[in-house]
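Everything below concerns the one structure shown next.
The values are calculated or read from the model by the stated rules, or taken from the named source; none is laboratory data. It should be emphasised that the depicted structure is a prediction, and the values quoted were computed from it without experimental measurement. Neighbour counts run over all protein chains shown; Cβ positions are idealised from the backbone, glycine included. All accessible areas refer to the heavy atoms of the entire protein, side chains included, with ligands and DNA or RNA removed. Shrake-Rupley method; radii C 1.70, N 1.55, O 1.52, S 1.80 Å.
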Amino acid sequence: MNVREKAMVKLVGGAIGFAILYATLLKNGLGDSGTGSRLKMMAVAVPGAFLLAGLIELVTGAPFQQVSTQWDSLQGWQRGVLGIVIVIVSAIVLMGAMVMFA
C-alpha cells in the first residue's frame, strides 16, 4: 500500500468516525455546558485528527512523520511565513466553497 492509499484510508476512516461521533453527540446534546461537554468535544477531535493527518498525507504524498520532520527543520521565521500563507490559502478555499455551495 503506498502513502496516498494509506492517506485515503485515514481520511475516510476519520471522516466516518467524526460523522458517527458528531451525530451521536449532537443527538444526545452536544451543546451542554460543563466538563461533559469538553469531554465530548475531545472525543470528536480524535477522528478529526486522523482525518486531517490523512488529508496532509494525501496532499503532500509523504508520510506525516516526514512532513513533521521537514516542518521542524525550517527556521522560525520560515515556519511563521509558511504558516500564515497556509492559513490565508485555507480561508480563501473555505470561503470559495461556501460561496459555491450556498
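Residues of region 72-87 being open to solvent by less than 90 Å² (accessible area, probe 1.4 Å) and under 18 Å from the mean Cα position of the chain (by Cα), which ones? Scanning region 72-87 gives L82, G83, V85, I86. The residue that is nearest to the chain's Cα centre (by Cα), among those in region 39-54 that are open to solvent by 80 Å² or more (accessible area, probe 1.4 Å) and farther than 16 Å from L26 by Cβ, is L52.
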